[in-house]
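The values are calculated or read from the model by the stated rules, or taken from the named source; none is laboratory data. This structure is a prediction, so every number in the text was calculated from the model and none was measured. Cβ placement follows ideal geometry from the backbone for every residue including glycine, while neighbour counts extend to all protein chains displayed. Surface accessibility is based on the protein's heavy atoms, side chains included, excluding ligands, DNA and RNA. Shrake-Rupley method; radii C 1.70, N 1.55, O 1.52, S 1.80 Å.
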Amino acid sequence: MRTSHDRRRFLKLSGAGLAGTALLAGTGTLPQRANGRTATAAHGGEKPNKIIFMVSDGMSMGVPGMAEEFSKMVRGKGTYLASMMQNQQMAHGWFEMFSLSGIVTDSAAASCSWGCGTRLLNGWVNMLPDGSKLEPILRLAKDEGYGTGLVTTATVTHATPAGFAAQIESRGREAEIAEQYPGIVDVVMGGGQRFYSADQRDDGKDLFQVYKDKGYHVARDRDEALKAGEHDKILGVFSDSHVPYTLDQINDDELMKKVPTLAEMTKVALESLDRSSPKGFVIQVEGARIDHAAHANDAAGVIWDQIAFDDAVGVALEYQRRNPDTLVVVTSDHGNARPGMGQYSTAADESFERLAHAKASFWPIRSKIREAANGNGATPPAAVQDVVKELLGIELSREDASYISDMTGDRMPPMYHRSQRNFHGIFNAILSNYNGVSWGCTTHTEEYVVIAAAGAGQDKFKGLIKNTDAFHIMTDFLGIDHKNKTMSREDAMALA
Ligand SMILES: [Zn+2]
């Protein structure tokens, strides 16, 4: 039986969007299918000496399926993650990602649970509230002579990368986290110039120079990044804060030139680690902005960043096929905002197609709506309609535009779920009537997160496992004998 997406036409995007999708499409090929299954070099039995741990930050359960359908719609091909989930020769499971604070984790406690094998309070990085420091996996791996890497679309000092390498009481102290990586992390790539530049740091330290003095090659734009793989130690920082949302980047030629994609950064990092680390390596690759877009309930933003993350998965799988002693683990650190299609049949498909016309993420859209305010401080409904038509390709009704107009004048329409009682929550609740994607909240969720694993040792990631198991599995693979301290929730709460 033909399904509706078989009939869906291959949508034509225009302008920079087309260039962007061409670039995103150019990072690899899907594994060849044999007998309905995806052929790979994956073998589950042996222990890997190279681990590529890939995190789509904030990837709720609805995201992979929407990204799969969207990718087929705008790029004429599916996603690597869906092909991994279909492949019976690969391993599939879920993580239970609870933290010491409770059943909904933040990114710091989540990454540290994998990184040090201990559940922490939200916000802490490899430290317990009694002041004891825990050894994260990249420090342990470095001590044993392995190569190490962190690649992200957040600031390189953000919670998820920090969870594999840093030790600090608060994830917010990113300027200090930046000082902890030299000597521990060989390849550091992502955003966060403001934590490196002497002009922008409160203490005036030039961390670019500090890293150079310790043997790092520094890359500051895409051209430099693409050539950096010949160096053994790399610091690549490509934006002031997080790197741009993929949806904003593919619609901006300057950003395309300045910032490498996550797939490109991953390829460069693997090239460097492969050559410089004969014993093997551990690298974490994070698609960070899925989470940020989900906090804003921005459907097109989430899906485009998931696709950029997926291209990096393709790079990792390609590396794994050439190096069977590699393990690729693809997962998330927690759900976020629980998006999903909330309509039936053709209405859902027609709504979903509207997402392909988005030219900007939520934040520039909000700015543009606010910039169109009249003398009273509010943006007239007609101007709201114009901005939404221009940047999202959606014809808002006058009534819906008037709710958004009210918010620009600081009058909130009714929204009984407090998590969504804000501009982004209400704006995107209204948009869900047009693009079909509705949201449960604007925060992290407790969801079990998907795991797809390919390569040596993959079978350890089957079924429902605890986040902390990842540390014990990975250290066992690498021949590292280390157990970090744990603490009960009651004891931790009493000290915090
Ligand atoms: Zn997160």
Tell me which residues come under 5 Å, amide H to amide H, from H217 once H is placed; ignore anything under 5 positions away on its chain. K233, I234, L235
Please report the relative contact order for the chain, taking Cα pairs under 8 Å with a sequence separation of at least 6, and give it as a percent rounded to a whole number. 26
Calculated FRET efficiency for the pair K279/Q89, C-beta based, R₀ 30 Å, to 0.05: 0.65
Log10 I(q)/I(0) at q = 0.19, 0.21 Å⁻¹ for segment 349-438, from Debye over equal alpha-carbon scatterers, is -0.83, -1.02
Label-point separation in nm, A348 to S241, each point 7 Å along Cα→Cβ: 3.5
Along the positive direction of the dipole of the chain (beta-carbon charges: Lys, Arg +1; Asp, Glu -1; about the Cα centre), which of A269, L317, A219 reaches farthest? L317
In Å², and per residue, what accessible area does the chain have when probed at 1.4 Å with the other protein chains present? 38
Multiply the residue gap between S132 and R370 by 0.36 nm, knock off their C-alpha separation, and tell me the result in nm, one decimal place. 81.0 nm
Once all protein chains are kept in place, R398 shows an accessible area at probe 1.4 Å, nearest 10 Å², of 150
In terms of Cα to Cα distance under 16 Å, which lysines are near enough to K47, apart from those fewer than 8 places away along the same chain? K279, K460, K462
With every protein chain in place, the accessible area of K462 for a 1.4 Å probe, in Å² rounded to the nearest 10, comes to 110
Under 15 Å from the Cα of K466, which aspartates and glutamates turn up, not counting those fewer than eight places away in the same chain? E96, D333, E446, E447
Pairwise FRET efficiency - D253 versus R398, Cβ, R0 = 45 Å, nearest 0.05: 0.80
Relative frequency of Cα-Cα separations exceeding 30 Å in the chain, percent: 46
Nearest 10, in degrees from 0 to 90: the angle of helix 107-116 to the longest Cα principal axis of the chain is 20
For A198, placing the label point 7 angstrom along Cα-to-beta-carbon and taking segment 233-258, residues whose amide nitrogen sits under 14 Å are none
Going toward the positive end of the dipole of the chain, with +1 on Lys and Arg Cβ and -1 on Asp and Glu Cβ, which of M256, S397, I103 do you reach last? S397
Cut-off under 5 Å, modelled amide H: who pairs with S170 long-range: V125
How large a share of the accessible area of the chain, in percent, is made up of carbon and sulfur atoms when the probe is 1.4 Å and the other protein chains stay in place? 49
Placing unit charges on C-beta atoms (Lys and Arg positive, Asp and Glu negative, everything else neutral), compute the dipole magnitude of the chain about its Cα centre in debye, rounded to 20. 940
Could you put D186, D481 in order of accessible surface area, largest first, with the 1.4 Å probe and the full protein assembly present? D481, D186
At 7 Å along Cα-to-Cβ for each site, give me the label-to-label distance between K205 and N422 in nm. 3.1
Under 17 Å between alpha carbons, and skipping anything fewer than 8 positions from K72 in its own chain: which lysines qualify? K12
